[in-house]
1. If you take the residues of the range 311-335 that are of a type outside the set (G, A, S) and within 21 Å of C211 (Cβ to Cβ), which of them is farthest from the chain's Cα centre (by Cα)?
2. When you scan the range 83-131, how many residues do you find that are under 17 Å from P142 (Cβ atoms) and among the hydroxyl-bearing types (S, T, Y)?
3. Need pairs with beta-carbon distance below 6 Å; first residue closer than 10 Å to V43 by Cβ and within the range 2-24, second among the basic types (K, R); sequence gap 6+ or separate chains.
4. In this structure, does A24 turn out to be within 24 Å of the chain's Cα centre (by Cα) and outside any loop (DSSP other than H, G, I, E, B)?
5. Those residues that are out of contact with any helix residue (DSSP H, G or I) (no Cβ under 7 Å at 6 or more places or on another chain) and either closer than 24 Å to A330 by Cα or acidic (D, E) (or both), I need them from the range 504-524; list them, please.
6. All but one of (1) outside any helix (DSSP H, G or I); (2) in contact with a helix residue (DSSP H, G or I) (Cβ under 6 Å, 6 or more places away or on another chain) hold for L395; which doesn't?
7. What do you reckon, is A433 under 23 Å from R504 (Cβ atoms), free of Cβ contacts under 8 Å to residues at least 60 places away in the same chain and aliphatic (A, V, I, L, M)?
Amino acid sequence: MTDGPLIVQSDRTLLLEVDHPDAAACRRAIAPFAELERAPEHVHTYRLTPLGLWNARAAGVDAEQVVDALLTHSRYPVPNALLVDVAETMSRYGRLTLSKSDEHGLVLTAIDLPVLEEVLRSKKVIPLVGARVAQDTVAVHPSERGNIKQVLLKLGWPAEDQAGYVDGEAHPIDLDRHDADGGVAWDLRPYQAEAVDGFWHGGSGVVVLPCGAGKTLVGAGAMARARATTLILVTNTVSARQWKDELLRRTSLTEDEIGEYSGQRKEIRPVTIATYQVMTTRRKGVYPHLELFDARDWGLVIYDEVHLLPAPIFRMTADLQARRRLGLTATLVREDGREGDVFSLIGPKRFDAPWKDIENQGYIAPADCVEVRVTLPEDERLVYAVAEPDERYRLCATSEQKTKVVEQLVARHRGEPMLVIGQFIDQLDDISARIDAPLIKGDTTVKERQRLFDAFRTGEITTLVVSKVANFSIDLPEAAVAIQVSGAFGSRQEEAQRLGRVLRPKADGRTARFYAVVSRDTQDQEFAQHRQRFLAEQGYAYRIVDADDLTGGPSDIAAALD
């Protein structure tokens, strides 16, 4: 028995004592294979899941390394049955492999014959396979490469895809590391280069990096490796144009080589950037724009913010398994539970850098996370208590008490580049008017969004109020303060993205501030605890401040917040 920070339990839960001096090292050791479930003040609860262990296995982490991490950091003897279970679960990955055969095309081969016999008796597998070509091998219809991986994952036997990739249509793409005078201006950061190598070695998969760590440059690095036509899928038109600007600045690509495929334009060029929204537009029950996947012989498909991938894109991706596929995200958490589809259709996690490690290297800003709790007045509490369940969150999330706190925080940080972020438009309209700051929401035109974002970047505007349209893929490196007044229920991915808006490193090295304004004793508080789980896993801790402590003068507010 040692004095480690971890308690490993037979039900696959791991309890991490946050205040232990070795807690940070333990968190880094278990992060590749364990998923955080709860993160209260003193003890965080992780769980070992098959998908987490298979992701680790696909990324090159073997069972011996997992067992060693558990034994090294555990305070008490680790249950032997759990260690055996970890080894056996991880050994399931790769007992079935998909590969190419000169004679039979795509085949599924087993190194463990009973496993093949088991899966071939599944009613979901039978339509996807052809003839038995050897005792340990069965032919697979080439069009079913993605579907069979999905089915096998759900059966508990994830296949390792070794069938390779087509090169696609060649197109020269190089990283342009020089400034206008020809001097060396930049290079991929070490972790970015490692992420590109990890992806290219695997051929397809997901790179997980914090917001502000340069995921776009990882995409550019992968494009320079592929040197082929590339389809890039992004969350919105503003993001598409930011991708284009970055590619023009960082690569050899020219304006004429990059097309935008959005609601406003339909350009198909060697590098085409399309939005998820236009790709999933339905007309008479069909998705006409999904034909873009077949419009060129793409050598690489990049999915930005892969945790937001819509279901129709999953379906089309099942048919793209011969193309190299790169998913980029700050978190693999999906609120719809479809992480398994990302694993089987885009690919396993190929690189994952803990946020605090990137922060310690100076590539993202340190962040101070503060939860400001407000108490609803008696009349609001009574309205909340008798409200229908589907109305309760809106009531507590849009309390007037929250707006007062926002006004105090805005006054406290006046002059600093600041974002006020929320979910409910009527609440944001009111806040925008009261703090005299422009609002960007769903019906704000792309041109106006770009104008306001540019004004924010130059310092002409220091405060912006933004709805969920600014959650993703918006590059605002100057933002130093974010105030979150309401959110999409308990979305962990949204919390991570919103903190990411202020994590770009600051020229003066200052700490970013992230405030979450929460109504106590309501659904808002419950959702806030759920939202914070992912960030807690990354090493961020929320300080809790009572809103009543912000009612004094400037010195009192400063004392409460600093």
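The values are calculated or read from the model by the stated rules, or taken from the named source; none is laboratory data. Note that the structure is predicted; figures quoted are calculated from it, not measured. Ideal geometry is used to build each Cβ from the backbone, glycine not excepted, and the neighbour counts take in all protein chains shown. The accessibility values were calculated without ligands, DNA or RNA, using every heavy atom of the protein model including side chains. Shrake-Rupley method; radii C 1.70, N 1.55, O 1.52, S 1.80 Å.
1. In this case the residue turns out to be L326.
2. 4
3. I7/R75
4. It is true that A24 is within 24 Å of the chain's Cα centre (by Cα) and outside any loop (DSSP other than H, G, I, E, B).
5. Those that are out of contact with any helix residue (DSSP H, G or I) (no Cβ under 7 Å at 6 or more places or on another chain) and either closer than 24 Å to A330 by Cα or acidic (D, E) (or both): R504, P505, K506, A507, D508, G509, R510, T511, A512, R513, D521.
6. Result: L395 fails condition (1) only.
7. no
Residue by residue, here is whether (1) surrounded by fewer than 18 Cβ atoms within 10 Å (Cβ to Cβ); (2) at pLDDT below 90; (3) not in a helix (DSSP H, G or I) holds:
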position: H307; (1), (2), (3): no, yes, no
position: M316; (1), (2), (3): no, yes, no
position: T331; (1), (2), (3): no, yes, yes
position: E335; (1), (2), (3): yes, yes, yes
position: A365; (1), (2), (3): no, yes, yes
position: D379; (1), (2), (3): yes, no, no
position: V405; (1), (2), (3): no, no, no
position: V410; (1), (2), (3): no, no, no
